[in-house]
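Let me begin by presenting the structure, written as structure tokens, before commenting on it.
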Amino acid sequence: MFILFPFRLIYSTLSDVLRFLSRFFWSDPRQNVVDPVGDVLHFIGHYNEIYGDIHPNFYRGSYSQALNEAKRDLKYVLVYLHCTEHQDTDHFCRNTLANHDVRDFVNNGMIFWAADVQTPEGYRVSRALKENTYPFLALIVLRNSKLTVVLRVEGPIEPEDLIGKLRRTMADMEGYLVAARQERAARSLTQNLRQEQDQAYRESLRQDEEKEKRRREEQEKLQQEEAERREAEQRYQQEKENKIQLRIQKAANLPAEPNADDPECVRLLIKLPNGVRLDRCFRKSDSLEIIYDYVFVQDDVPDEFQLQTNYPRRILQCQPGASGTHVPTIEEAGLKPREMLFVQDISD
């Protein structure tokens, strides 16, 4: 065993040197990262087939996703770059990563990301972290608002030594995380206050707009009501004026009252709804419309009315119907020489 050690050391050193130099002399197909998550998942499956599932929980995502989650949640990222060809890899995986204390320590609030350097995703991270040998571990955390590698473990390491290094580094970094948490809490508080102020402002603005809307609606309603009132008043005045003109016209067109001793005379006593009695003579040949017009031109007469006999009670057809039906004369209506009529109010 001790006889082979110098040869293994020389082989390992030469492999690392050749691997380092090869980066400068030819293009590596691993530089084309097509499916970073697929590379990681393929490595996890291959690792479990060889070494079993006793190890810290692998992060099932890309390197960028792991870093973003660590930055968001203020967590540590422990990066493991796996090199199948390296002589110390097998012992590290079976002895250190499979150790229960290591597994529990890493799983307790840490993101454990791993990839094979032979895959494009692993190779890309390898170029970024610039490891010198394997096994390689890097502890990354947010320090001074920037994700920083705060610990590098290169070469074989025993479980208790790894836990000790991680614990000491995390203790040294705790102040940065506390400061970051306080800064985020202050920023969150400021943001919440700003959001509350913005919400209060928007609510106040909404209430003002609602109040202004109600004021405008009320004003428009009052203006509409005033316009309708004026329009109704104008209609009323116009109807009143039209009625006055119509009364004047109908009064001027009424035939002269015949003498009481005229054989054609029919004396009518007409009682208004307010109790006033009208007494006038008409000719038998006069149309009932003349009686209606005579009542229409009197004061205190309803806007709409009809004439009704006393006994037997019947409504007189004093105006043409919608079809222009004939209005009978007093004689045709069968009124007696002395008759009492009643004015019946039919206004709405």
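The values are calculated or read from the model by the stated rules, or taken from the named source; none is laboratory data. Please read all numbers here as calculations on a predicted model, not as lab measurements. No Cβ is skipped: glycine too gets one built from the backbone with ideal geometry, and neighbour counts run over all protein chains shown.
A few points about this structure:
Rundown of residues vs (1) at pLDDT 95 or above; (2) under 30 Å from residue 77 (Cα atoms), yes/no style:
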position: 152; (1), (2): yes, yes
position: 164; (1), (2): yes, yes
position: 192; (1), (2): no, yes
position: 198; (1), (2): no, no
position: 202; (1), (2): no, no
position: 210; (1), (2): no, no
position: 217; (1), (2): no, no
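- Qualifying residue in the stretch 51-62 (condition: modelled with pLDDT of 95 or more, closer than 15 Å to residue 125 by Cα, of a type in the set (Gly, Ala, Ser) and out of contact with any His (no Cβ under 6 Å at 6 or more places or on another chain)): yes
- Single unsatisfied condition, residue 230 versus (1) at pLDDT 95 or above; (2) within 53 Å of the chain's Cα centre (by Cα): (1)
- Count of the stretch 293-348 residues which are among the hydroxyl-bearing types (Ser, Thr, Tyr), buried (at least 17 other Cβ atoms within 10 Å of the Cβ) and out of contact with any helix residue (DSSP H, G or I) (no Cβ under 9 Å at 6 or more places or on another chain): 1
- When we screen 192, 144 for residues that are without any contact (Cβ under 8 Å) to a residue 12 or more places away in the chain and of a type outside the set (Asp, Glu), the only hit is 192.
- Remark: residue 51 matches the filter, which requires a residue to be surrounded by 14 or more Cβ atoms within 10 Å (Cβ to Cβ), touching a Lys or Arg at 6+ places or on another chain (Cβ under 8 Å), under 18 Å from residue 156 (Cα atoms) and among the hydroxyl-bearing types (Ser, Thr, Tyr).
- Test: residue in the stretch 25-43 that is within 47 Å of the chain's Cα centre (by Cα), among the acidic types (Asp, Glu), in a helix (DSSP H, G or I) and modelled with pLDDT of 95 or more: yes
- Residue match in the stretch 61-68 (condition: surrounded by 17 or more Cβ atoms within 10 Å (Cβ to Cβ), of a type in the set (Ser, Thr, Tyr) and in contact with a Pro (Cβ under 8 Å, 6 or more places away or on another chain)): yes
- Candidates 106, 79, filtered to the one that is closer than 30 Å to residue 144 by Cβ, assigned to a helix (DSSP H, G or I) and touching a residue at least 24 places away in the same chain (Cβ under 8 Å): 106
- Of the numbered criteria (1) closer than 29 Å to residue 39 by Cβ; (2) surrounded by fewer than 12 Cβ atoms within 10 Å (Cβ to Cβ), the one residue 137 fails is (2).
- Residues that are under 14 Å from residue 110 (Cα atoms) and out of contact with any strand residue (DSSP E or B) (no Cβ under 9 Å at 6 or more places or on another chain), drawn from the stretch 150-170: 163, 167
- Looking across 327, 301, one residue alone is touching a Ser or Thr at 6+ places or on another chain (Cβ under 6 Å), among the hydrophobic types (A, V, I, L, M, F, W, C), outside any strand (DSSP E or B) and at pLDDT below 95. It is 327.
- Qualifying residue in the stretch 131-149 (condition: out of contact with any strand residue (DSSP E or B) (no Cβ under 9 Å at 6 or more places or on another chain), of a type outside the set (Asp, Glu), at pLDDT 95 or above and part of a loop (DSSP other than H, G, I, E, B)): no
- Only a single criterion out of (1) modelled with pLDDT of 95 or more; (2) over 41 Å from the mean Cα position of the chain (by Cα); (3) in a helix (DSSP H, G or I) is not satisfied by residue 13, namely (1).
- In the stretch 262-285, the residues that are of a type in the set (S, T, N, Q) and in contact with a strand residue (DSSP E or B) (Cβ under 7 Å, 6 or more places away or on another chain): 285
Results for (1) without any contact (Cβ under 8 Å) to a residue 60 or more places away in the chain; (2) of a type in the set (D, E, K, R); (3) in a helix (DSSP H, G or I); (4) surrounded by fewer than 10 Cβ atoms within 10 Å (Cβ to Cβ), shown as yes or no for each residue.
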| site | (1), (2), (3), (4) |
| --- | --- |
| 216 | yes, yes, yes, no |
| 239 | yes, yes, yes, no |
| 252 | yes, no, yes, yes |
| 258 | yes, no, no, no |
| 263 | yes, no, no, yes |
| 268 | no, no, no, no |
